[in-house]
Protein chains: 2
Amino acid sequence: MNIGEAASASGVTAKMIRHYESIGLIAEAGRTGSGYRTYGPKDLATLSFIRRARDLGFSIAQIRDLLALWQDRDRASADVKRIAAGHIEELTAKMRQLQEMVMTLQHLSAHCQGNDRPDCPILERLASGTGDGGACCD
Amino acid sequence: MNIGEAASASGVTAKMIRHYESIGLIAEAGRTGSGYRTYGPKDLATLSFIRRARDLGFSIAQIRDLLALWQDRDRASADVKRIAAGHIEELTAKMRQLQEMVMTLQHLSAHCQGNDRPDCPILERLASGTGDGGACCD
DNA sequence: GTGCACCTTCCCATGATGTCAAGGTCAAGC
DNA sequence: GCTTGACCTTGACATCATGGGAAGGTGCAC
């Protein structure tokens with residue numbers, strides 16, 4: 001199986017497969033006599049694993065650990081769970097940040113006329129930092 | 001005012017001030033005879049504006065537009081509001097993505113024993129993509 | 001005149017991915 | 001055998017905002 005087939009079968013682009021190999025996330029692929037990379041079912045499984053982990057937002061470093069645990073028959077599920085818990089925390093922290101931004105922006109936006117005139121609480125807030133920061137109408 | 005003072009006064013690092021200048025986000029700063037950048041109150045206000053906008057998650061491109069509107073006395077607040085609305089949409093889209101990841105992870109994690117044994121629904125899900133994807137216990 | 005804090009420019013790194021370019025390879029058709 | 005087109009190879013560069021560091025000049029206080 002060539003890299004292109006492996007890519008479309010796993011959902012990881014050929015580019016990224018080569019990249020993952022170059023950073024040591026996956027083992028070096030076998031090669032044909034002419035230098036083409038070859039992939040087997042086991043490699044495909046690993047690539048699919050990586051793609052699913054990326055879809056869940058895990059970083060490459062975390063995936064490295066997850067792969068090691070996956071391939072370790074004597075793993076403790078507690079180790080996996082700890083990685084997941086850490087990741088959940090990271091994600092929720094980001095969500096809170098975004099949530100705060102959205103709340104502030106919605107508040108400012110609600111008070112912006114959105115017409116032809118220049119007056120705008122959004123700009124005022126950016127300019128001075130003091131323009132109506134608190135709750136006024138909840 | 002040197003770049004260091006401008007940095008601590010505005011909350012934008014000296015590094016970033018130089019960067020913003022290099023990409024044309026801010027005007028080139030004045031220079032002393034020996035080449036040191038100098039900043040006045042107006043520059044400080046601009047830097048603070050940028051920092052607040054960054055804190056609200058605006059991209060450099062969006063900030064470029066916001067700065068232009070800010071400096072345009074004939075602006076229409078509708079233009080500002082449109083930028084903000086677009087940004088709010090981006091942020092909420094990201095939040096939804098994160099939310100989905102968190103939900104999935106929490107679900108999988110809840111079913112992981114987290115003990116010394118290797119069995120783990122999190123790994124199973126990453127490995128096969130079929131390991132209990134639906135709601136089972138809500 | 002020395003030392004230290006600050007400034008200058010320039011280069012490299014992050015993380016995950018995309019794009020592009022120049023060249024080699026394979027398989028099919030003629 | 002030769003061409004063609006799809007695929008592969010490596011490598012460099014871009015994104016986005018930011019940080020780090022090196023090598024060297026400047027300002028000021030002692």
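The values are calculated or read from the model by the stated rules, or taken from the named source; none is laboratory data. The shown structure was predicted, so the numbers you read here are calculated from the model rather than taken from an experiment. Please note: Cβ atoms are built from the backbone with ideal geometry, for glycine as well, and neighbour counts cover all protein chains shown. Protein only, heavy atoms only, side chains kept; ligands, DNA and RNA dropped before computing areas. Shrake-Rupley method; radii C 1.70, N 1.55, O 1.52, S 1.80 Å.
Sort chain B into rounded, prolate or oblate with this rule: let a ≥ b ≥ c be the square roots of the eigenvalues of the Cα gyration tensor; rounded if a/c is under 1.5, and if a/c is not under 1.5, prolate when a/b is larger than b/c, oblate otherwise. Verdict is prolate for chain B. Am I reading the A/B interface right? What is its buried accessible area, both sides, 1.4 Å probe, to the nearest 100 Å²? Chains A and B together bury approximately 4200 Å². Counted over all Cα-Cα pairs of region B:1-58, pairs farther apart than 12 Å make up 64 percent.
Within region A:104-120, name every residue whose backbone N is under 19 Å away from a label modeled 7 Å from Cα of B:ALA68 along the Cβ vector. Flagged as within label range: A:115-120. Computed from the C-beta positions of B:SER59 and B:MET1, the FRET efficiency with R₀ = 25 Å rounds to 0.35. Copy-to-copy label distances for A:GLN71, where each label lies 7 Å from Cα along Cα-to-Cβ, are 5.5 nm in order of increasing length. Taking all protein chains as they are arranged and a probe of 1.4 Å, the heavy atoms of B:LYS15 leave approximately 150 Å² accessible to solvent. Is the C-alpha gyration tensor of the protein assembly as shown telling us rounded, prolate or oblate? Criteria: a/c under 1.5 is rounded; beyond that, a/b larger than b/c is prolate, otherwise oblate. The shape class here is prolate.
Shown for B:THR32: label points 7 Å from Cα along the beta-carbon vector, and their distances to the equivalent points in the other copies, 6.6 nm in ascending order.
In this structure the amide hydrogen of A:THR38, modeled in the peptide plane, comes within under 5 Å of the amide hydrogens of A:GLY30, A:ARG31, A:THR32, none closer than 5 places in sequence on its chain. When a 1.4 Å probe is rolled over the protein heavy atoms, the share of accessible surface on chain B that falls to carbon and sulfur comes to 49 percent. Label zone of B:ARG117 (point 7 Å out along Cα→Cβ, amide N under 19 Å): in region A:78-113 this covers A:78-82. Between copies, the label points at A:GLU100 (set 7 angstrom from Cα along Cα-to-Cβ) are spaced 2.7 nm, reported in nanometres from shortest to longest. The charge dipole of the protein assembly as shown, taken about its Cα centre with unit charges on the Cβ of Lys, Arg, Asp and Glu (plus for the first two, minus for the last two), comes to roughly 680 debye. Computed on region A:26-125, with alpha-carbon pairs under 8 angstrom and 6+ residues apart, the relative contact order is 11 percent.
Accessible surface computed residue by residue for the protein assembly as shown, with neighbouring protein chains in place and a 1.4 Å probe, gives 56 Å² per residue. Closest approach of a chain B Cβ to the axis relating B and A (residue, whole Å): B:MET95, 3. Straight-line reach from B:LYS94: which lysines fall under 23 Å, measuring Cα to Cα and dropping same-chain residues less than 8 apart? Within reach: A:LYS94, B:LYS81.
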